[in-house]
Amino acid sequence: MKRKILVIHGPNLNMLGKREPDKYGTSTLDEINANIEAHGRKTGIEVHTYQSNHEGDIVEKIQQAQDVFDALIINPAAYTHTSIAIRDAVLLLDIPVVEIHLSNIYKRESFRHKSMLCDVVTGQIAGFGMFGYLMALDAVVNFLQPKNI
Ligand code: DQA
């Protein structure tokens, strides 16, 4: 059966393209999503994307993911640094979860160095811009392969 992967984008990521392009690049969220979906098609993965500026909506989307998706890729944006609710929702999941950031949050202001998710996700990718989403997709596909070791 075809693998299904959910990609969640948090607050203000709908403004990509216009938003601080020096930090986040010039691609719009639609362009990024189109790239992730195209990469998914090449890899035989069905990619679903979702963006919300609202913490509760993101929590509900994560809660619904367990029986529907094989993995979650999430850029919680500013909620990375504040949201126990998103952390708790991720803890409900029994599927691989990749935390992703366009920018390297550890090279930025100190309040961005703390991630509420980093110790409850499968792994984290930060600092590679849009390419990070494609890396995350490859990472979960690899992670989902039956291991032969
Ligand atoms: C971000 C980093 C966060 O600190 C910031 O609030 C964002 C985007 C990133 O992708 O680099 O909105 O998650």
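The values are calculated or read from the model by the stated rules, or taken from the named source; none is laboratory data. Small disclaimer: the values here were computed from a predicted structure and weren't measured. Please note: Cβ atoms are built from the backbone with ideal geometry, for glycine as well, and neighbour counts cover all protein chains shown.
Within the option set LYS18, LYS23, being within 15 Å of the ligand (Cβ to nearest atom), not hydrophobic (A, V, I, L, M, F, W, C) and not in a helix (DSSP H, G or I) holds for one residue only, LYS18. Scanning the stretch 88-124 for residues that are out of contact with any Asp or Glu (no Cβ under 7 Å at 6 or more places or on another chain), more than 10 Å from the ligand (Cβ to nearest atom) and of a type in the set (Val, Ile, Thr), we see that the one that is nearest to THR26 (Cα to Cα) is VAL98.
List, please: which pairs have Cβ atoms under 6 Å, are six or more places apart or on different chains, and start with a residue in the stretch 91-109 that is more than 14 Å from ILE73 (Cα to Cα) and end with one that is of a type in the set (Lys, Arg) and at pLDDT below 95? Matching pairs, first to second residue: SER103/LYS23.
Inspection of the stretch 26-47 identifies at least one residue that is without any contact (Cβ under 8 Å) to a residue 60 or more places away in the chain, more than 15 Å from the ligand (Cβ to nearest atom) and assigned to a strand (DSSP E or B).
When you look at ASN12, is it within 11 Å of the ligand (Cβ to nearest atom), under 15 Å from the mean Cα position of the chain (by Cα) and over 17 Å from ILE95 (Cβ atoms), yes or no? Judged against the criteria, ASN12 is a match.
If I go through the stretch 65-82 residue by residue, how many of them are of a type in the set (A, V, I, L, M, F, W, C) and more than 10 Å from the ligand (Cβ to nearest atom)? Quick ask: steps written out before the conclusion?
Within the stretch 65-82, the first condition is being of a type in the set (A, V, I, L, M, F, W, C), and the residues that meet it are 65, 68-69, 71-74, 77-78.
Now drop any that are not more than 10 Å from the ligand (Cβ to nearest atom), which leaves 65, 68-69, 71-73.
Total satisfying the criteria: 6.
Being in contact (Cβ under 8 Å) with a residue 40 or more places away in the chain and either within 16 Å of the ligand (Cβ to nearest atom) or under 20 Å from LEU13 (Cα atoms) (or both) is true of TYR50.
Yes or no: ALA85 closer than 17 Å to LEU117 by Cβ and either within 15 Å of the ligand (Cβ to nearest atom) or crowded, with 19+ Cβ neighbours inside 10 Å (or both)?
Values: closer than 17 Å to LEU117 by Cβ: yes; either within 15 Å of the ligand (Cβ to nearest atom) or crowded, with 19+ Cβ neighbours inside 10 Å (or both): no.
No.
Checking every residue in the stretch 42-52 against the condition of being closer than 23 Å to GLY123 by Cβ and in contact with a Ser or Thr (Cβ under 8 Å, 6 or more places away or on another chain) gives zero matches. Looking only at the stretch 90-124, residues that are closer than 17 Å to LEU16 by Cβ and surrounded by 19 or more Cβ atoms within 10 Å (Cβ to Cβ) come to 4 in all. If you go through the stretch 73-118 and keep only what is of a type in the set (A, V, I, L, M) and within 19 Å of PHE131 (Cβ to Cβ), you end up with ILE73, ILE74, ALA77, VAL98, ILE100, LEU102, ILE105. Listed by first and then second residue, the pairs linking a residue in the stretch 120-149 that is farther than 23 Å from ALA78 by Cβ and in contact (Cβ under 8 Å) with a residue 40 or more places away in the chain to a residue that is small (Gly, Ala, Ser) and surrounded by fewer than 18 Cβ atoms within 10 Å (Cβ to Cβ), with Cβ atoms under 7 Å apart and 6 or more places separating them unless they lie on different chains, are ALA139/GLY123.
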